[in-house]
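The values are calculated or read from the model by the stated rules, or taken from the named source; none is laboratory data. All of these numbers come straight from a predicted model, not from anything done at the bench. Cβ placement follows ideal geometry from the backbone for every residue including glycine, while neighbour counts extend to all protein chains displayed.
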Amino acid sequence: MTSLSEANTRFAYDLFQQLRKSEKKNIFYSPLSVSAAIAMTYLGAQGTTASEIQKALHFNEVTEKTKGGATTVPVKKLGNVHQQFQKLLTELNKPTNAYELHLANRLFAEKKFSFLQEYMDNVNTFYLAGMETVDFVNAADESRKKINSWVESQTKEKIKNLCPKDSINSATVLALVNAIYFKGQWSEKFNPELTEQGEFWLNKDTSKPVQMMKKKGLFNFSKLEGMAAKILEIPYKDNDLSMVLLLPNEIDGLQQLEEKLTAEKLTEWTSSQNKSRTTVALRLPRFKVEESYNLQEVMSALGMVAAFSPRDADFSGMTGSQELVVSKIQHKSFVEVTEEGTEAAAASAIIMCKSALLFVETFHCDHPFLFFIKHNTTNSILFFGRVASP
């Protein structure tokens, strides 16, 4: 049986392979934020709708194999996907002085629409999500602003306008929202006095000036021989979280690295066991990436189809009848990397409506690279990104 963190890593990989098809150079998103938001809909899904969400998020690899899948099994016996989410969210939200990590869920429901008490109790128990009633029917835009305001407050104002104008209207009956915020200092900070202007090569012919940070020290490091790339892990204070950098050997090697990337390799690289402590001269540009995604097409491509179909959607576990359909999945993200550390945030909204060696290795991130931020204790990828142009 696969753990929830492995399922989420597979989902992180699937999302990346879909998002890299777009024209965007830089990519940044929180697979955990998207997964948690969709999982709250899965809690109330039935039939084909449930089984498609299960497969798209790889929950079918976590749940116990039962005839009829998730649909005929009570929540308490549901192969513990929801219990594992409860444990994961509790673990991630543990108070600590080493860094700020906060993940919150909230449901905004139309005040005149009735939801099953069992669903509301379960979403509160497993996803620590409270429900707030709003007036979508008569005050859709005010309700939208209320949702955006909650997201802003949860992400220290890094994620603004998650739900853009007209994304919510009088037909909306439920918005399931997830917000994640992280701010952590490096275990050993970069010395700002060593930062200098350097070149970042967008391709073999074109470069741009960047502020290049420098540090020489012991890092978990490995050469990925079959991938023509190398991997390096930078720990945050207290070592509970790390940033993992995946750097192609060649300036134009990112596409080949992305094509060779597999979910299994990503799972392997989230583990520190395959890296050795090595003295490395690291160069990493300061960078900031902000992205916004509409994920309906992406999730449909991953097999989550019925949820968007007014004819086929079955969320009767929420209401007792088949009258809800997912109309939008919004996701926004932010990351900034400096000498001090990293600040990152993301939010997702599901809108539902009715119908060591002696020589020194070098690790110069002066050309496009991939990175992810992971929670080491649970082996969970919190954020995933590509820097093609810092």
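See the values below:
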quantity: Qualifying positions in segment 82-107 - crowded, with 21+ Cβ neighbours inside 10 Å and in a strand (DSSP E or B); calculated: L101, L103, A104, N105, R106, L107
quantity: Residue ranges of strands (runs of 3 or more DSSP E) in segment 307-390 with at least 2 members over 14 Å from the mean Cα position of the chain (by Cα); calculated: 325-337, 341-353, 361-364, 369-375
quantity: Whichever residue in segment 314-329 is over 20 Å from C163 (Cβ atoms) and among the small types (G, A, S) and, among such residues, is surrounded by the fewest Cβ atoms within 10 Å (Cβ to Cβ); calculated: S321
quantity: Pair list, Cβ < 9 Å and 6+ apart or interchain, from segment 221-236 residues that are closer than 18 Å to E188 by Cα to residues that are part of a helix (DSSP H, G or I) and small (G, A, S); calculated: E233/S272
quantity: Failed condition for S300, given (1) at pLDDT 95 or above; (2) of a type in the set (G, A, S); (3) assigned to a strand (DSSP E or B); calculated: (3)
quantity: Members of segment 177-200 that are hydroxyl-bearing (S, T, Y) and within 22 Å of S380 (Cα to Cα); calculated: Y181, S187
quantity: Conditions (1) of a type outside the set (A, V, I, L, M, F, W, C); (2) within 17 Å of I147 (Cβ to Cβ); (3) touching a helix residue (DSSP H, G or I) at 6+ places or on another chain (Cβ under 7 Å): number failed by K332; calculated: (3)
quantity: Condition met for K332 (at pLDDT 95 or above, more than 24 Å from S222 (Cα to Cα) and charged (D, E, K, R)); calculated: yes
quantity: Top-ranked residue in segment 363-378 [being in contact with a helix residue (DSSP H, G or I) (Cβ under 9 Å, 6 or more places away or on another chain) and over 14 Å from I231 (Cβ atoms); ranked as surrounded by the fewest Cβ atoms within 10 Å (Cβ to Cβ)]; calculated: T377
quantity: Single residue of A129, A109, A104, A70 found to be more than 27 Å from D14 (Cβ to Cβ) and either at pLDDT below 95 or not aromatic (F, W, Y) (or both); calculated: A109
quantity: Top-ranked residue of segment 250-285 - restricted to ones that are basic (K, R) and in a helix (DSSP H, G or I), ranked as surrounded by the most Cβ atoms within 10 Å (Cβ to Cβ); calculated: K265
